[in-house]
Amino acid sequence: MTLAMPKPDDRVLENRDSFLGALAAIVPADNLIADPVGLKTYECDALSAYRALPLAVVLPETVGEVSEVLKLCLEHGVKVVPRGSGTGLSGGALPLVDGILLGLGKFNRILEIDYPNRCVTVQPGVTNLAVSQAVSAAGFYYAPDPSSQIACSIGGNVAENSGGVHCLKYGVTTNNLLGLEVVLMNGDAVRVGGKHMDPDGYDLLGVLTGSEGLLGVITEVTVRILPKPDSVGALLLGFADLASAGDCVARIIADGVIPAGLEMMDRSAVRATEDYSKAGYPLDVEALLICELDGPEAEVAELSERVEAIARACRATTVRRARSEDERQRFWLGRKSAFPAVGKISPDYYCIDGTIPRGRLSEVLTRLDALSEKHGLGVVNVFHAGDGNLHPLIMYDAARDGDLEKAEALAADILTLCVEVGGVLSGEHGIGVEKRDLMGTMFTAADLKQQQRVKCAFDPDGLLNPGKVFPVLHRCAELGHMHVHKGDLPFPDLPRF
Amino acid sequence: MTAQTVRPGDAAAVREFLAWAAAGKAPVEIVGAGTKRAFGHAVEAGYRLDLSGLSGVVDHEPAELVLTARAATPIAEIEALLRQSGQRLAFEPPDLGPLLGEAAGRATLGGILACNLSGPRRVRAGAARDHALGVEVATGRGELIKSGGRVVKNVSGYDLTKLMCGSWGTLGVLTRVSVKVLPAAEKTRTVLVAGLSPGEACDAMGAALASPHEATAAAHVPEAAAARSSVAYVGGAGASATAVRVEGPPVSVAARTEALRGLLSAHGAVEELHGHNSGRFWREIRDVAGPIGDADAVWRLHIPPASGGAVLDGLAEHGVEGYLDWGGGLVWCGAPATRAVSAAVRAQADAHGGHATLVRAPGALKEAVPVFHPQPAGRAALGRRIGDGFDPAGILNPGRMARGA
């Protein structure tokens, strides 16, 4: 591991036994894991390059237990790392050796399905897909659909502001959230929003979404559900060069079409997924687009015509329109198997997540090729082209000396490139530990300090998930100071305004 | 107290001024075009920060679906620019100027975002805050910071952009914002059902919004409010009107209108509004002044949409009348300016798990009744701690959101 984490607190490590005794008084014995074998299960999330054994794993079952555990941790100065299903790709749930891992897996009940208000209230450990499945028979679904939706939890989705392939039209988690209950580090349970649109007061819903477990522990989530569209259509478009594919994406959007999904794969992704899934993709292309359109049948038919015409004008070499639901599913088959397909051709892979302006796509992919060559590691590109969210998969071999370090360096170069062209470090996976040390490429010291002051409002002792998101940890007392020197005020002479 | 007006020409000057004001703990009232000064508690401040010098679109890239503008750029200017490339601000920003005794058409992008105001399309397109992608902000610490960016998908640090939306200038002064823009609809039609009670209307709107026909707005105006409409079909009908809007490509709008007519005919007799009348009707719903009339106190309630009928009926018992937008989830109502009625309005919001805002009221009522819904102690304290982090000297719009805060 090449990652620097906060220095473990010796006092906490020394007092581990008595602290575990106090935890045992709060949660049932089965829900407290402290033996090394049991802890090993929790040593990492889906960013498996980084691992650590926590002080203990605590699996509370009630909001009261969450509150008591947090109060106890505050009293003893013990750090807390919250965890949903552990599918996160940025190391947000990486344990700390002097902190407990607070698993929300037992919060797994759907509390209420309210069709008249078109919302569902769930506990945070419910999986993303389970929400859609619970309301499917009534004709509804939950829009954000991260690729890990079978396993990832709604609480984790809120913590990372997860997206998926349909965000361009239907938004990411923050746009589909109505209410939260969150327990603060001091044990207070706070409710924000509810079943109505627009919570009152400051937008705490907005600031908690994507806060990566640093502000509070989510114990209840209310999401809006949407009626399923009448019909869904898809086109498969192949191009002889990246620039034409990028141009096609820009022209579809500029023409006023907002596809339900607009995905791109580069040549290496097309080949890898075709070998793996036999989706029937053309192999003579440099870039492949999947454009999904949904809505009334008449609209899908008309927009499909328009997209087809645009693709031909952009010199598409393959233009196929799905003639059946079965064919549409086949278009997606390769894209959806991109991760296992790359897993088959490379011992390890590292999935990167940055967002760029759509218009810079072909430039970024060209420069990315050069970076891949420079670091000597292959890259497969899958891309949520509609919203500019890039997912390069860096192929490496953890067993080979120096490969992980090379992969990390390449990843840092790719993300720095995203920021340089006007994009951001993360589109939907979060900063976690993975991109923590790159935050300075996007933000000034003043920007980051202001963000940390928000953390201070929630968690003044900095016990919730420290070592994530922020490259430098400031003490709240220090952040509170205003550095003003009365003598040299900028405006002794105000009227000049 | 007569405030001294300060009119900086750029973000750096805003920052410098706030650093100066913070050092002297001098309260500052923040004003864009000033169209919403009557909304919220009055701010007692020695300085008025006039942001009208920070105006103009910085950048609009139609194919990127993003626009960046200085904070005090008029919404009207932005909408005119977007029209040229067939785009719009999908959250349908309302023009509350006339409701609040000001001229129409002057609201600014920064003001709309700072108050998180959204129009009828809120039910489908999301709120103003959902369209804010990034901000540059001068804080009460006299620092210029940024959050977010110019892209739609972004999880890079806390979403301070959303925190700014709806903070009413109490956390920082927006100097520049980037917003998502979307294609404008080629065609619009509105399906009307006459004569429904508020409860029946909520059922009908709920059925429309739960259907796959992609309604982009759903409102209900009871008979009294309908009579104030300048749209002849609505104003002259002598009955309540329940309206559902569809937008999109012509062929799609035709198909969906047909489907919605079929669905809504189960609830009552169905009519249709086309182009001009449809546009005028939804502007009235959006801007509130028309349907609300000349009531002394005007309230806005955010409630679960299915509660709309019950809330309107409950309010009627106290002589409060109004109308429903957002499929029933937003109640606008006019009420007598008394403490007793105000308490009854708040009680309705509480009973349904929502919140009520006193949007327009005589000064005396605002002395006695909080404009924004009182919060539970824990959340209020959290809000104050967040505020202290941005504005430790308490100089930004002090008291605007809560008196004595």
Just a yes or no: is a residue in region B:2-9 out of contact with any strand residue (DSSP E or B) (no Cβ under 8 Å at 6 or more places or on another chain) and of a type in the set (Ser, Thr, Tyr)?
-> yes
Of the listed residues (A:THR222, A:THR121, A:THR174), the one being of a type in the set (Ser, Thr, Tyr), within 11 Å of another protein chain (Cβ to nearest Cβ) and either part of a strand (DSSP E or B) or over 16 Å from the mean Cα position of the chain (by Cα) (or both) is A:THR222
Strands (runs of 3 or more DSSP E) contained in region B:63-167 and holding at least 2 residues within 30 Å of B:LYS187 (Cβ to Cβ) and not basic (Lys, Arg) | B:66-70, B:132-139
Being farther than 30 Å from B:ARG48 by Cβ, more than 7 Å from chain A (Cβ to nearest Cβ) and at pLDDT 95 or above, is that true of even one residue in region B:168-180?
-> yes
Please state which of the following conditions B:LEU144 fails to meet, knowing it meets all the rest: (1) more than 8 Å from every other protein chain (Cβ to nearest Cβ); (2) out of contact with any Ser or Thr (no Cβ under 6 Å at 6 or more places or on another chain); (3) surrounded by fewer than 24 Cβ atoms within 10 Å (Cβ to Cβ); (4) of a type in the set (A, V, I, L, M, F, W, C).
-> (1)
The lone exception for A:LEU204 - which of (1) under 30 Å from B:LEU301 (Cβ atoms); (2) hydrophobic (A, V, I, L, M, F, W, C); (3) in contact with a helix residue (DSSP H, G or I) (Cβ under 6 Å, 6 or more places away or on another chain) it fails | (3)
Working only within region A:336-393, note down all residues that are within 30 Å of A:ALA254 (Cβ to Cβ), in a helix (DSSP H, G or I) and either in contact with a Phe, Trp or Tyr (Cβ under 9 Å, 6 or more places away or on another chain) or of a type in the set (A, V, I, L, M, F, W, C) (or both).
-> A:ALA338, A:LEU361, A:VAL364, A:LEU365, A:LEU368, A:ALA370, A:LEU371, A:ALA385
Of the residues in region A:338-366, those that are polar (S, T, N, Q) and either farther than 24 Å from A:GLY378 by Cα or crowded, with 20+ Cβ neighbours inside 10 Å (or both) number 1
If you check B:GLU271 against the conditions, is it in contact (Cβ under 8 Å) with a residue 12 or more places away in the chain and under 30 Å from B:GLY97 (Cα atoms)?
-> no
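Filter region B:227-260 down to residues that are more than 14 Å from chain A (Cβ to nearest Cβ) and assigned to a helix (DSSP H, G or I) and give me whichever is surrounded by the most Cβ atoms within 10 Å (Cβ to Cβ). Talk me through it step by step, then tell me what you get.
First, the residues of region B:227-260 that are more than 14 Å from chain A (Cβ to nearest Cβ): B:227-243, B:245.
Applying the additional criterion that residues be assigned to a helix (DSSP H, G or I) yields B:232-235.
Numbers: B:ALA232: 9, B:TYR233: 18, B:VAL234: 27, B:GLY235: 17.
Among those that are more than 14 Å from chain A (Cβ to nearest Cβ) and assigned to a helix (DSSP H, G or I), it is B:VAL234.
Here's the yes/no breakdown for (1) of a type in the set (S, T, N, Q); (2) in a helix (DSSP H, G or I); (3) touching a Leu at 6+ places or on another chain (Cβ under 6 Å):
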{"residue": "B:VAL193", "(1), (2), (3)": "no, no, yes"}
{"residue": "B:LEU196", "(1), (2), (3)": "no, no, no"}
{"residue": "B:GLU200", "(1), (2), (3)": "no, yes, no"}
{"residue": "B:MET205", "(1), (2), (3)": "no, yes, no"}
{"residue": "B:PRO212", "(1), (2), (3)": "no, no, no"}
{"residue": "B:ALA215", "(1), (2), (3)": "no, no, yes"}
{"residue": "B:HIS220", "(1), (2), (3)": "no, no, yes"}
{"residue": "B:ALA225", "(1), (2), (3)": "no, yes, no"}
A:ILE310 fails exactly one of the following numbered conditions: (1) surrounded by 17 or more Cβ atoms within 10 Å (Cβ to Cβ); (2) closer than 30 Å to A:LEU415 by Cβ. What is the number of that condition?
-> (2)
Are any residues in region A:420-448 in contact (Cβ under 8 Å) with a residue 60 or more places away in the chain, at the interface with another protein chain (Cβ under 10 Å from one of its Cβ atoms) and surrounded by fewer than 23 Cβ atoms within 10 Å (Cβ to Cβ), and if so, which ones?
-> A:GLY422
A:GLY256 vs (1) more than 14 Å from chain B (Cβ to nearest Cβ); (2) more than 24 Å from the chain's Cα centre (by Cα): all pass except (1)
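The values are calculated or read from the model by the stated rules, or taken from the named source; none is laboratory data. The structure presented is a predicted model; accordingly, all values stated were derived computationally and were not measured. As a convention, Cβ positions derive from the backbone with ideal geometry for all residues, glycine included, and neighbour counts pool all protein chains shown.
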